[in-house]
Amino acid sequence: MQVTVDAWDPSFADNPESPSRSDRAVVRADVELDPSEWRPVEAPETGPRRIVVVDGVRRIDARIELLDDTPEHQGERWPGLCVSWAAGAVVCDLDGPSSEAAVVDFAVERGLFAAVDPGADFGHYPYRKAESADPGELINAAQTAMAELEAKVASAVSLDAELSVLDGPLRGRTRLPHAVGYIKSHHRSYLQGELNAVVERLRPGQRTPVFHLMSGWPRYTWYLRLPGTSSRGWAGVARLEAADDLSEEAAIALADATAAALPPLGSAAHKDARAPQNLTPIAGLERRLKRMLGDPRLLLRSVRAASREIA
């Protein structure tokens, strides 16, 4: 097996949360209110006193290409990705006039994602099998590994939390107690007509009624507007998800908890270009986790050294 190494290949699109346009969204809007009665929902006066915010970061350190020059494969080429990822958790104590936040757990992992085993040691990057050599599948495999690490970190620290906020879709992490997925950007609109207009009328701290969504996988979901932007359109709007196996009452209780707890955690525009959706604990945790991924130049050098030994 011959190996070539590049720092990056632009053909590897890095946007795993972009949905497939072939996924047809099926919405059941009568979970909390009848569709004819839909309106902005006010946050309750009291909310959770202790929440856990979990996030992960990943970085593609190198693209490799495996060339199988054995006679039976006649020079077949296989792409691969050397990826580093980290996950961490911040505990926010919201009891009292001021809140306190502290990083309580974190972990870092690396892997070489490819459809074939190179049969050699890549040092920091143990082999992880991908289902195909398609670049999108390699990235999805890395994203899945990061989500698994996030779930592992969350399960270790969220037992006494009244709300666990996991950055990104909740898919694959639905077994965590009191967990919601937190989606900052919107690649498509799931609501139509007057229901969609309710999102645009939200004031800071208000949310939409909970609705059930089937688009690739089933879950409860709702929209929440954070403070710090105008109350028009979709500025400052985040979408949250809860597990499908919850009762409707439990999903609504989680929606109320997010409306009470998350608006005060919204980031400020002069500090964060993704404000206010990029919650302050998430922004701080991301910065710390990125530092923990290590020096990409040294890691790339180690991959190239390993490839020379294989050759």
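Per-residue Karplus couplings for the range 233-244, computed as 6.51 cos²θ - 1.76 cosθ + 1.60 with θ equal to phi - 60°, are listed in order as x, 10, 5, x, 9, 10, 10, 10, 10, 10, 5, 5 Hz, Gly and Pro entered as x. Helix 135-157 and the longest principal axis of the Cα set of the chain meet at an angle near 60°.
Within the shell of other residues whose beta carbon sits under 9 angstrom from the beta carbon of Leu170, the net charge comes to +2, with Lys and Arg scored +1 and Asp and Glu -1. Computed about its Cα centre, the charge dipole of the range 179-311 is approximately 960 debye, with only Lys, Arg, Asp and Glu carrying charge at their Cβ. Remark: the chain carries 48 Å² of accessible area per residue (probe radius 1.4 Å; ligands, DNA and RNA excluded). Axis angle, to the nearest 10 degrees, between helix 248-261 and the longest C-alpha principal axis of the chain: 90 degrees. Partner lysines whose Cα lies under 20 Å from the Cα of Lys271, excluding those fewer than 8 positions away in the same chain, are identified as Lys184, Lys290. Across the range 114-122, computed HN-Hα scalar couplings (Karplus, 6.51 cos²θ - 1.76 cosθ + 1.60, θ = phi - 60°) run 7, 7, 10, 7, x, x, 8, 8, 9 Hz from first to last residue, x flagging Gly and Pro.
Semi-axis lengths, largest first, of the ellipsoid equivalent to the chain are 40, 22, 16 Å, with √(5λ) applied to each eigenvalue of the Cα gyration tensor.
Within the listed set Arg59, Arg188, Arg232, the residue fluctuating most in the Gaussian network model of the chain (springs between alpha-carbon atoms under 10 angstrom) is Arg188.
Rounded to the nearest whole Hz, the Karplus-based 3J(HN,Hα) values (6.51 cos²θ - 1.76 cosθ + 1.60, θ = phi - 60°) of the range 165-176 follow the sequence 10, 9, 5, x, x, 7, 3, x, 10, 7, 7, 6, with x at glycine and proline.
With every protein chain in place and a 1.4 angstrom probe, the accessible-area ranking of Met292, Met214, largest first, reads Met214, Met292. With all protein chains in place and a 1.4 Å probe, the accessible surface of the range 136-275 carries 51 percent carbon and sulfur. The peptide list 110-119, 132-141, 32-41, 204-213, put in order of mean Cβ contacts within 10 Å with the highest first, becomes 204-213, 110-119, 132-141, 32-41. Does anyone have the angle between helix 296-310 and the longest principal axis of the chain? Alpha-carbon axes, 0 to 90°, nearest 10? Computed tilt is about 40 degrees.
The values are calculated or read from the model by the stated rules, or taken from the named source; none is laboratory data. Source: prediction; values computed, not measured. Every residue, glycine as well, gets a Cβ built from its backbone with ideal geometry; the counts of neighbours run over all protein chains shown. The area values use the complete protein model at the heavy-atom level, side chains included, leaving out ligands, DNA and RNA. Shrake-Rupley method; radii C 1.70, N 1.55, O 1.52, S 1.80 Å.
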